[in-house]
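No lab work stands behind these numbers, since they all come straight from the coordinates. Just so we're clear, the structure is a prediction, and the values are computed from it rather than from any experiment. Here the Cβ is made from the backbone with ideal geometry for all residues, glycine too, and neighbour counts use every protein chain on show.
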Amino acid sequence: MKGYYKLRKIILDILNTKLSKDLHYHGVHHTVDALNTCSVYLKHNKISNHEAKLLRLGVLLHDIGFTETTKEHEKKSAEIADKLLSENGISEEDKSVIEGLILSTKIPQQPKTLLEKIICDVDLDYLGRADFYAISNQLFQELKALDVLDDFDDWNKLQIRFLEAHTYHTEFAIQNRQPEKELRIAELKKLVG
């Protein structure tokens, strides 16, 4: 795909300059982490180079809506993506795939295609990783800054409900992230118990 690296630079520049400092979780670091995690998933799935670039663009753009709103950010992300992708000569077919990727990350996730399943698992990969607590603490700090939640016990109860309701979609995540996620659920239950 022509123009991927130029688009990546544009998107990262936007995220670096326009995201609120209150977004302790949904900052550019989350997008970079997701992009790096995407490479791990790509090693475990047979995907063409073209589809891999579409997936990476979806990852780069999936939270760009946070530059304008914290409400229904996926919809805003898709709108911003449409404009950016059009300005950079991306075909209608590819734009449609990328917008589908972005919208599939909305909770509760309901991915339909393999690429959508991958981006959903990439987005919430940390739920089954060793850095779960560090990252979940960033989300708690963000929710406090946005006046959504401020009680740590309530936060842990919310995390338990979220983790129990969450489903990984790819074989890689089911095998390599689900077991750790189950451990986090047990640990959190002991904390609030």
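Scanning segment 107-134 for residues that are surrounded by fewer than 18 Cβ atoms within 10 Å (Cβ to Cβ), within 22 Å of Lys71 (Cα to Cα) and either of a type in the set (Ser, Thr, Tyr) or in contact with a His (Cβ under 9 Å, 6 or more places away or on another chain) (or both) yields Ile107, Pro108. Looking at Asp121, Asp131, just one residue is out of contact with any helix residue (DSSP H, G or I) (no Cβ under 8 Å at 6 or more places or on another chain) and among the acidic types (Asp, Glu), and that residue is Asp131. Against the numbered list (1) touching a His at 6+ places or on another chain (Cβ under 6 Å); (2) within 12 Å of Ile98 (Cβ to Cβ), Leu61 comes up short only at (1).
Consider segment 156-182 and keep the residues that are part of a loop (DSSP other than H, G, I, E, B) and not polar (S, T, N, Q). The one that is surrounded by the fewest Cβ atoms within 10 Å (Cβ to Cβ) is His166.
Residues in segment 1-41 that are polar (S, T, N, Q) and closer than 15 Å to His73 by Cα: Ser20, Thr31. For segment 72-118, the tally of residues that are touching a residue at least 60 places away in the same chain (Cβ under 8 Å) and touching a Phe, Trp or Tyr at 6+ places or on another chain (Cβ under 8 Å) stands at 1.
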